[in-house]
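Notes to accompany the following structure.
Just so it is clear, none of the values below were taken in a lab; they were calculated from the coordinates. If you're wondering where the values come from, they're calculated on a predicted model, not measured in any experiment. Heads up, the Cβs are rebuilt from the backbone with ideal geometry, glycines too, and the neighbour counts pull from every protein chain shown.
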Amino acid sequence: MNNFSLTQVDSAEEAVKTARLSTENNRYIAGGTNLIDLMKYRVENPDHLLDINRLNFSEISSLPDNGLRLGATVTNADTAYHQEVQKNYPLLAKAILSGASTQLRNMATDGGNLMQRTRCYYFYDTATPCNKREPGSGCSALEGFNRIHAILGASEKCIATHPSDMCVALAALDATVQVTGESGSRSIPILEFHRLPGDHPEKDTNLEPGELITAIDLPEKGFSQHFEYLKVRDRPSYAFALVSVAAALEIDGSTIKDIRVSLGGVAHKPWRLPEVEQQFIDQQATPQTFEAFAEKLIAGAKGYGDNDFKIKLAKKSIVRALLTALEK
Amino acid sequence: MEYKNYPETHEIELQLNGTSQKLTISPWTTLLDALREYFQLTGTKKGCDHGQCGACTVLVDGKAINSCLSLAMMQQGKKITTVEGLAQGENLHPVQQAFIEHDAFQCGYCTPGQICSTVGLLNMKKGNTPEEIRDLMSGNICRCGAYANIFKAVEEMVQKEVSGTP
């Protein structure tokens, strides 16, 4: 990797200030599992790293509204095995444990999980054009190998997908991301945190320069009864999703009282459409209803050749995940 | 690409296999490189160097991590254990003994990582089903394909509720 300097910061204020004032080419580092890897490939070449592990963001705590706050530097493993998460947010626990390996989950943090970059092969291969890595250079995946790429919300500039499992569950659970920056702190709803590529695929998120994630808040409602995280991939462990589905239901008798479905592996961000969900409230929870739901959630899906199979796979996976959630 | 010149190095202190060790390094030195190149602890192996193979697995505060994806500077104040730190003098750690008894290796390159991951698994008190053991050990690749015997060694340790630490 490239040479860089590193500061271990002791306060969020110092971190944010240093991030903006020293050089523009800074990165925060927590677990480092994705960043160090990208630096070894020379995809990321920061001049300066700010180690945020000494900040006080390393705990899981209850919120006054009965929600749960996940500190930004809590590891993915500690989150997934946490008693409250297992009990009230089993969807989140299952999603996290379906991702990466034991070693990586022991290092990777919750804040870092949000900041994961795509696993598009061309993004990693510095010998090929990639608009995300080098804006304006072109997209090699459009006409290249695109089996793992997006079928929803892509642009002619970029068809990369977001690789996280955790974020797919967070999207279904309506989590909120707490951030702090030069102009103060703010809350970002998870569905507004990541962005679609549009004309600026180099931007994965709506964070302002220098903004730092401090926590992820989960609302009280955890759908701990009817939930499923279904991950479809090439091998049953330690592989990224081709398609994943976070499904959550609230059922009264056989009537849908609430339905949340978020998809991974199909878009530049977790794919969820609350307006579609609204249309299915008070409908009967049947396979036919779920099939109609799936059609609407992936309406407009487009394949690029190698990934055409994902359209049918996504549809079937949505129905299967909802049926599994229903039967729980 | 041009390398920027950062002359500064940092003096760090690591808690390594039960002793405190000082080292002056550049920020970009990974824990894996520090172990192998500066402390001559070559039991920990460099395989892919990208967190995919698990050959570099060590224990940090009793948890298995990929030392190749961690900067040495960022591991100060934590208890680091490599495969060299598992035995008590001439007495092998029960996991090391189990790997011998089950013939759980062929070339041996992945073995230190497999053993550290097993110790980490025992510390987690997980692995109640064969599927869970396989899933939690999936971060360690064995290119000889000795998985069948590795699995038997791990399963025996889990079933006997062997204590994992250090």
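Which residue, B:Met74, B:Cys142, B:Gln88, has the largest displacement toward the positive end of the dipole of chain B when charges sit on each Cβ (Lys, Arg +1; Asp, Glu -1)?
Among B:Met74, B:Cys142, B:Gln88, the one farthest towards the positive end of the dipole of chain B is B:Met74.
Where nothing but the Cβ of Lys and Arg (+1) and of Asp and Glu (-1) is charged, how large is the charge dipole of chain B around its Cα centre, in debye to the nearest 20?
120
Evaluated at 10 °C with a viscosity of 1.306 mPa s, what Stokes-Einstein diffusion coefficient in µm²/s does chain B have when Rh comes from the Kirkwood expression over alpha-carbon pairs?
97
Other chains near A:63-70: what is the mean number of their Cβ atoms within 10 Å of each residue's Cβ?
0
Go through the stretch B:1-103 and name the chymotrypsin sites (Phe, Trp or Tyr not before Pro) that are in a DSSP coil and have 10 or fewer other Cβ atoms within 10 Å of their Cβ.
B:Tyr3
As I understand it, the dipole of chain A uses +1 on the Cβ of Lys and Arg and -1 on the Cβ of Asp and Glu, about the Cα centre. Which of A:Ser317, A:Ser62, A:Gly184 lies farthest toward its positive end?
A:Ser317
Over chain B, what is the percentage of antiparallel beta bridges among all DSSP beta bridges, to the nearest 5?
90
Only Lys, Arg, Asp and Glu count, each charged at its Cβ (+1, +1, -1, -1), so figure out the dipole size of the stretch A:245-315 about its Cα centre, rounded to 20 debye.
Charge dipole, the stretch A:245-315, about its Cα centre: 300 debye, nearest 20.
Which Rg and Dmax, in Å, describe the Cα atoms of the stretch A:237-316?
Rg then Dmax for the stretch A:237-316, in Å: 13.4, 43.
For the protein assembly as shown, what is the convex hull volume of its Cα atoms per residue in Å³?
Enclosed volume per residue, from the Cα hull, is 152 Å³.
Which value, in debye to the nearest 20, describes the size of the charge dipole of the protein assembly as shown about its Cα centre when Lys and Arg Cβ atoms bear +1, Asp and Glu Cβ atoms bear -1, and nothing else is charged?
900
So, counting K/R as plus one and D/E as minus one, what does the shell of residues with Cβ under 11 Å around B:Tyr109 add up to?
Summing Lys and Arg as +1 and Asp and Glu as -1 gives +3.
Gap in Å between the Cα centre of the stretch B:106-166 and the Cα centre of the stretch A:260-277?
Here the two parts' Cα centres lie 36 Å apart.
Binning at 5 Å from 0, report for the stretch A:5-50 what percent of all alpha-carbon pair distances ends up in each bin.
5, 23, 31, 23, 14, 4, 0
Take chain A, mark every one of the GluC sites (Glu not before Pro) that falls in a DSSP loop and has at most 13 other Cβ within 10 Å, then report the longest stretch left between them, sites excluded.
In chain A, the maximal stretch lacking such sites is A:221-328.
Percent of alpha carbon pairs in the stretch A:173-248 separated by more than 15 Å?
Looking at the stretch A:173-248, the distances longer than 15 Å represent 69 percent of pairs.
Using DSSP H assignments, which helices in chain B have an axial alpha-carbon span of 15 Å or above and a mean Kyte-Doolittle hydropathy of -0.5 or higher?
Result, helices passing both filters: B:111-124, B:147-159.
What number, in percent, do you get for the relative contact order of chain B if the mean sequence gap of Cα pairs under 8 Å and at least 6 apart is divided by its residue count?
23
Per-residue mean of other chain beta-carbon atoms within 10 angstrom of the beta-carbon, peptide B:65-73?
Mean number of neighbouring Cβ atoms from other chains: 6.
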